[in-house]
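Student: Input: one structure, supplied below.
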Amino acid sequence: MKRFMFPLFWRIFLSIWLAMAITVVASNLATRYLLDRERQAIERQVGLHEVAREALDLRIQDNRGEMWRFLRAEGERLQLHLMLIEKEQGQHRLPRNIRERIQSGWYPNKPAVIDLDEGFQLVAWPRMGGEGWLDPRLFRFVEFGLAFILISLACWWIARLVSRPLRHMEGTARAIAEGDTGLRVTNRIARRRDEVGQLATAFNAMTDRLCQLLDRQNHLLRDISHDLRTPLARQRVAIELASDAGADRALMDSILRQNERLETMTGQILTLYRVSENGGSIGREPVKPLVLINRVLGDAADYAEHRGVDCNLVAADDTRAISVLGDAGLLQRAFDNVLQNALDHTPPGKAIKVSLSTVAERIEVVVADEGPGAPDDLLSHLFEPFFRADKSRGGKGWGLGLAIARDIVNAHDGTIVAGNRPDGGLQVTIQLPIFIGG
């Protein structure tokens, strides 16, 4: 059954419309309340009814001059304008604006009217600036203030309604891109009956599908690589037996080299997926990076000599005693892969510099070569499996060495980045947290 949808457009439109309507109603009610209180305060003035009775007595005695003087004096004392008029014929004597306020059903500062039994009325309204009475500008301030508060709350609610789920989806997408493929947009957002809910549902479905495809690819490569190891090992034995039996030595050596390449590739694929799937559960112990680097350089000495490339090690004094917590074999494999990548792409007669230093409680290993480097737009792809920047760094290999190094470094809570050197060549920088033993 299809859920009822309440489009986001109508949510925003109705929210703003309701905010405006509520603002008008609330401001009118608040202003009416203030005016009623003011009018009641006028009517409750101590002695105002007695003033009205006394003024009426003077009027009945036909002493109008004395009555006007009396009302003027009492008005100054009470900060009011006071006028005694007849109910039927006397309103024309009032100022025009006061008559309009009396006759209007709703008008700011509406005068207070006290009815007297003899057919007279005492009309009272506040003097402008009188102490204790409201200035008409106050009512405008109240209306604008309420409008600002209510519309601000409505805009805040609308912005939160739209931006909060989008920020959540952005954060989820970033986390998934960084490798946490188990995250999804929460059901609270996906169940929304608007375009945001539809987007969240589609995002989750897309992520599920992509993760399924990636898992199938990973499992397929892992299974194929694992199944290839046995026939490759048997093929190697057969090649050696054929070579011992007098087969063509050059041909057998060529076949054996290709067999070794296939064995190396399948071993790298298995290492890649072992680290990527079990990176958090690898064995850890204190390891000295300088010792591992020396081993890597020693193992690569023959190959570097064959390539005609010099390898130079520069280590700061404080790095000799520094340790990191991790798997010595995997870390050595990561350093070796980075160095082998530099050796494969450094022309004869050039040099590779390996340096160790400490940066903000981390040890930094930098492998810099003097090769052709890589295009800036391809630097972020160098650590992807099977990626090879052939146009700039062509050579042998399968594009697995740097990918394996990346996963090993990430499993040790470190970082690895690549960049082009200003004077030419590629520089790979690895940072690992320093282990402080207890």
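Student: Could you please give the count of residues in the stretch 179-208 that are polar (S, T, N, Q) and not in a helix (DSSP H, G or I)? Walk me through how you get there before you give the answer.
Tutor: Let us first name the residues in the stretch 179-208 that are polar (S, T, N, Q), namely 181, 186-187, 198, 201, 204, 207.
Filter once more, keeping what is not in a helix (DSSP H, G or I): 181, 186.
Of the residues in that region, 2 qualify.
Student: Just for the stretch 422-438: of the residues that are over 17 Å from Asp344 (Cβ atoms) and in a loop (DSSP other than H, G, I, E, B), which one is modelled with the highest pLDDT? Break it down into steps so the answer makes sense when it comes.
Tutor: If we filter the stretch 422-438 for residues that are over 17 Å from Asp344 (Cβ atoms), which is where we start, we get 422-423, 429-438.
Among the residues that remain, those that are also in a loop (DSSP other than H, G, I, E, B) are: 422-423, 434, 436-438.
Details: Pro422: 88, Asp423: 86, Ile434: 93, Ile436: 80, Gly437: 65, Gly438: 50.
Among those residues, the one meeting the criterion is Ile434.
Student: Residue check: is Leu35 modelled with pLDDT under 70, under 30 Å from Phe148 (Cα atoms) and within 60 Å of the chain's Cα centre (by Cα)?
Tutor: When the stated conditions are applied, Leu35 passes them.
Student: Which of the residues belonging to the stretch 77-99 are in a helix (DSSP H, G or I) and at pLDDT 70 or above?
Tutor: Passing the criteria: Arg77, Leu78, Arg96, Ile98, Arg99.
Student: Let me ask you something else. Of the residues Ile114, Ile176, which is β-branched (Val, Ile, Thr), at pLDDT 75 or above and within 17 Å of the chain's Cα centre (by Cα)? Spell out the reasoning first.
Tutor: On the way: Ile114 fails: within 17 Å of the chain's Cα centre (by Cα).
Only one candidate qualifies: Ile176.
Student: Here's another thing I want to ask about it. Where residues in the stretch 209-232 are at pLDDT 70 or above and loosely packed, with under 12 Cβ neighbours inside 10 Å, which of them is farthest from Trp10 (Cα to Cα)?
Tutor: For the stretch 209-232, the residue satisfying everything is Arg216.
Student: Could you say which residue among Ala418, Ala411, Ala374, Ala403 is modelled with pLDDT of 90 or more, crowded, with 17+ Cβ neighbours inside 10 Å and more than 26 Å from Asp317 (Cβ to Cβ)?
Tutor: Result: Ala418 is the single residue among Ala418, Ala411, Ala374, Ala403 that is modelled with pLDDT of 90 or more, crowded, with 17+ Cβ neighbours inside 10 Å and more than 26 Å from Asp317 (Cβ to Cβ).
Student: What is the residue count in the stretch 302-320 for residues that are within 13 Å of Val354 (Cβ to Cβ) and either exposed (fewer than 13 other Cβ atoms within 10 Å of the Cβ) or of a type in the set (D, E, K, R) (or both)?
Tutor: So the count comes out to 3.
Student: Please work out if Leu199 is modelled with pLDDT of 80 or more and under 20 Å from Ala175 (Cβ atoms).
Tutor: yes
The values are calculated or read from the model by the stated rules, or taken from the named source; none is laboratory data. On a predicted model such as this, the values are computed, not experimentally measured, just so you know. Cβ coordinates were reconstructed from backbone atoms using ideal geometry, including for glycine residues, and neighbour counts include every protein chain displayed.
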